[in-house]
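The values are calculated or read from the model by the stated rules, or taken from the named source; none is laboratory data. Not measured: the values here are computed from a predicted model. Reconstructed Cβ throughout: ideal geometry from the backbone, glycine too, with neighbour counts over all protein chains shown. Protein only, heavy atoms only, side chains kept; ligands, DNA and RNA dropped before computing areas. Shrake-Rupley method; radii C 1.70, N 1.55, O 1.52, S 1.80 Å.
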Amino acid sequence: MTVSPKPADFPSLYFRSALGRFPTGVTIITAEHPDNGQPIGLTISSFSSVSLDPPMVLWSLTHTASSLPAFMALDRYVIHVLSASQIDLARRFAKGAQAERFAEVPLDRAPNGTLMLGDDRSAAWFECHNTQQHQAGDHTVFVGQVEHCHRQLLSPLIYHAGDFDLTQGSEPLSRN
């Protein structure tokens, strides 16, 4: 059974501002495995906006990832844009078994019930309906329609020159 996306509950300027919290950064994608309900998640740096109307984002996953079949079958996932204070989570979710990644990590639910990190330090998060997947070389590109999002004025964690880097705090150009 396919679940249809719900309409956005936020204005496009708010969505655009939430996307602005991510320069070229680091995210963690979370969901529940469609077969066994266990938490699955991973660190991803391939995240980008696609559209404001409807609100859509994309990310990609290598074909060698053990979680690829699960993400292909999911109805929804949450993308967490990490803040500079979450470097520990970025490293944790970048490798190892799924159970190790989630050990002692608080969890929560997004408005549509999708599993998400229970960590309020994220710069932004996006609850997405898994609308499209496209094969692109050795990766699958996922396009998600954003149903809910939240952002905070926090400096994002970025990945640069093969390692994590911290961004300097600054006032945003827009308060939207």
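Okay, here's what the table says:
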read-out: Residue match in the stretch 76-85 (condition: more than 14 Å from Leu117 (Cβ to Cβ) and surrounded by fewer than 15 Cβ atoms within 10 Å (Cβ to Cβ)); value: no
read-out: Selection count, the stretch 86-95, where residues are open to solvent by 20 Å² or more (accessible area, probe 1.4 Å) and under 24 Å from Asp120 (Cβ atoms); value: 5
read-out: Extreme residue, most open to solvent (accessible area, probe 1.4 Å), among residues of the stretch 150-166 that are modelled with pLDDT of 90 or more and of a type outside the set (A, V, I, L, M, F, W, C); value: His150
read-out: When residues of the stretch 49-65 are limited to those that are out of contact with any Ser or Thr (no Cβ under 9 Å at 6 or more places or on another chain) and assigned to a strand (DSSP E or B), the one least open to solvent (accessible area, probe 1.4 Å); value: Ser51
read-out: Residues that are within 24 Å of Thr64 (Cβ to Cβ) and of a type in the set (D, E, K, R), drawn from the stretch 77-125; value: Arg91, Arg92, Lys95, Glu100, Arg101
read-out: Options Ile29, Ile79; residue that is β-branched (Val, Ile, Thr) and more than 20 Å from Leu153 (Cα to Cα); value: Ile29
read-out: Leading residue by the ranking (most open to solvent (accessible area, probe 1.4 Å)) among those in the stretch 66-75 that are of a type outside the set (Gly, Ala, Ser) and outside any helix (DSSP H, G or I); value: Asp75
read-out: Identity of the residue in the stretch 102-115, under 15 Å from Tyr77 (Cα atoms) and of a type in the set (D, E, K, R), that ends up least open to solvent (accessible area, probe 1.4 Å); value: Asp108
read-out: Pair list, Cβ < 6 Å and 6+ apart or interchain, from the stretch 30-58 residues that are closer than 17 Å to Pro106 by Cα to residues that are aliphatic (A, V, I, L, M) and not in a strand (DSSP E or B); value: Ala31/Leu74; Ile40/Ala70; Thr43/Ala90; Thr43/Ala94
read-out: Some residue of the stretch 133-149 being open to solvent by less than 70 Å² (accessible area, probe 1.4 Å), within 22 Å of Ile87 (Cβ to Cβ), modelled with pLDDT of 95 or more and not β-branched (Val, Ile, Thr); value: no
read-out: Residue selected from the stretch 116-127 under the condition part of a loop (DSSP other than H, G, I, E, B) and touching a Leu at 6+ places or on another chain (Cβ under 9 Å), by the criterion most open to solvent (accessible area, probe 1.4 Å); value: Arg121
read-out: Selected residue [surrounded by 15 or more Cβ atoms within 10 Å (Cβ to Cβ), outside any strand (DSSP E or B) and of a type outside the set (Val, Ile, Thr)] from Ala8, Ala31, Ala99; value: Ala8
